Structures are given as structure tokens and as C-alpha cells.
Amino acid sequence: MLKITKKLTLNLKILRFFILPAILVSTPFFNDIQDARAGLEFQWDQDSSFRRLKWFQKENKKRLRNTIYFFLRPSDRRTDLLKINLAIPKTFKSTLKNEKISFCKVRIGGFDNRTKCLEDIPSDIEINSDESGLRSLDIYPYSPIPSNKDSYAIVLKIFNPKKSGLFQFHSYGQPKGQSFSSYLGSWTILID
């Protein structure tokens, strides 16, 4: 019996020798646990009829000034577009101003360069809102957006909402030669 208790206390001393320094060394890393980035994107109604589009935002904290790029890559456009509609979720409570919204030809950033508007596309932009609180942007470029290898972006320069959460924006485009808009895809934005 004495041998078992001596062995148990020796094991506990050895365990304390290894575990205590590991906890003390790893404690500073737990301070930045809120900044951890997950490799998973959540999107409502994830089925074959919904398409996930690429986006980029400069700041994801609530109430801070932000620039959001909603990308329309060549694979997202099958034909020339006459009109683009951006449906804004009801819970995304941020002030939209015409002078802070633009449409441009964009270079999508990556490892070695930044996301940047290369050329502003002249267009008329309308902000629509109805009684139920739904808002949308209608973008009418002066010439149709070609279905070539260039990427385009809707750029919003806004203050992030006061509440954090996931916000899903939907995009619709009116192809050349048709009188109705069709679904292009959705962006899911995260505000912490």
C-alpha cells in the first residue's frame, strides 16, 4: 500500500512539473481568442439554388468606419448586365448615402497585393426603401457590364451597424435583352 501511494505522489509531482508551465506559457495566447478566424462561412438556405459570392471588408468591428467590396467576378456573370440590384438585409442598420456608394472595375487582392478599384464605372445609383424596412440598391451603368475577364465591385463606404451578427446580401442582375432580373448570388458579411 505504501508503494502505491509513493508512486501516485511521484506521478502527481511529475504531472505538475509538466502541466503548470504549459498553462502559464499558453495563457497570453488566450487573450486574443476573439480574433481567431474560422475557416467556415455560414450561409442561410444553403442549397443548390443559392450561390456564394466573394466579398472583402476592411473593418469588421461594430460602429467602425468600413469599406465593403461586393465582387462580381467573371464566373458570376454569364451575360452582359444592364442593371444590378443589391438587396440589403433589414437588420443591417447603417446609413447609406449616394456619394459613399460606387461601382468600379476592381483588382481583387490576395497575398501580394491589395484590393483596389482600378476604374470607376459611370452609373446611376438609387437607394430604395419601403414601409417594411427592406432596402435595396439599384445600379444602372451607362453602358452594359460586359461578360469578359474583368472583375467588378459594388463599394460601400459606411459605418458598421451597432449590433454585431451575420448579414446576408443578395444580388440580382438584369441581362441584356431581357426585361426582368435574375439571381446572381449572395454575400454573407460578418460584423463582430
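If packing is taken as the mean number of other Cβ atoms within 10 Å per residue, what is the order of 98-108, 163-173, highest first?
On the way: 98-108: 16.1, 163-173: 17.7.
Result, highest mean first: 163-173, 98-108.
Which order do peptides 77-86, 53-62 fall in by mean Cβ count within 10 Å, highest first? All intermediate terms of the calculation are to be shown ahead of the outcome.
Details: 77-86: 18.9, 53-62: 15.4.
Listed from highest to lowest mean packing, they are 77-86, 53-62.
Taking the Cβ-Cβ separation of Lys176 and Lys62 as r and a Förster radius of 35 Å, what is the calculated FRET efficiency to the nearest 0.05? Don't jump to the answer; show the numbers that get you there.
Details: r = 40 Å, r/R0 = 1.13.
Computed FRET efficiency for Lys176 and Lys62: 0.30.
Percent relative contact order of region 64-185, based on C-alpha pairs within less than 8 angstrom and at least six residues apart?
Values: 250 pairs, mean separation 51.5, N = 122.
It rounds to 42 percent for region 64-185.
Hand me the tally of lysine pairs in region 92-192: alpha carbons under 24 angstrom apart, and the pair either on different chains or 8 or more positions apart.
Step by step, the pairs that qualify in region 92-192 add up to 19.
If R₀ is 22 angstrom, what is the calculated FRET efficiency for the pair Lys54 and Lys163, using the beta carbon separation as r and rounding to 0.05?
Values: r = 25 Å, r/R0 = 1.11.
That pair, Lys54 with Lys163, gives E of 0.35.
For Asn128 and Asn148, FRET efficiency with R0 = 35 Å and r from the beta-carbon atoms, rounded to 0.05? List each step's numbers first, then the result.
On the way: r = 29 Å, r/R0 = 0.82.
E between Asn148 and Asn128, to the nearest 0.05, is 0.75.
Going 7 Å from the Cα of Tyr140 along its beta-carbon direction, which residues of region 71-89 have the amide nitrogen within less than 17 Å of the resulting point?
Counting backbone N atoms under 17 Å from the label point, the list is 81-86.
Run the quick spin-label model on Arg73 and Asp120: label points 7 Å from Cα toward the beta carbon, then report their separation in nm to one decimal.
Modelled inter-label distance: 2.8 nm.
Read-outs throughout are calculated quantities, based only on the coordinates presented, and are distinct from any laboratory measurement. Note that this is a predicted model, so its numbers are computed, not measured. So basically every Cβ, Gly included, is an ideal-geometry build from the backbone, and we count neighbours across all protein chains shown.
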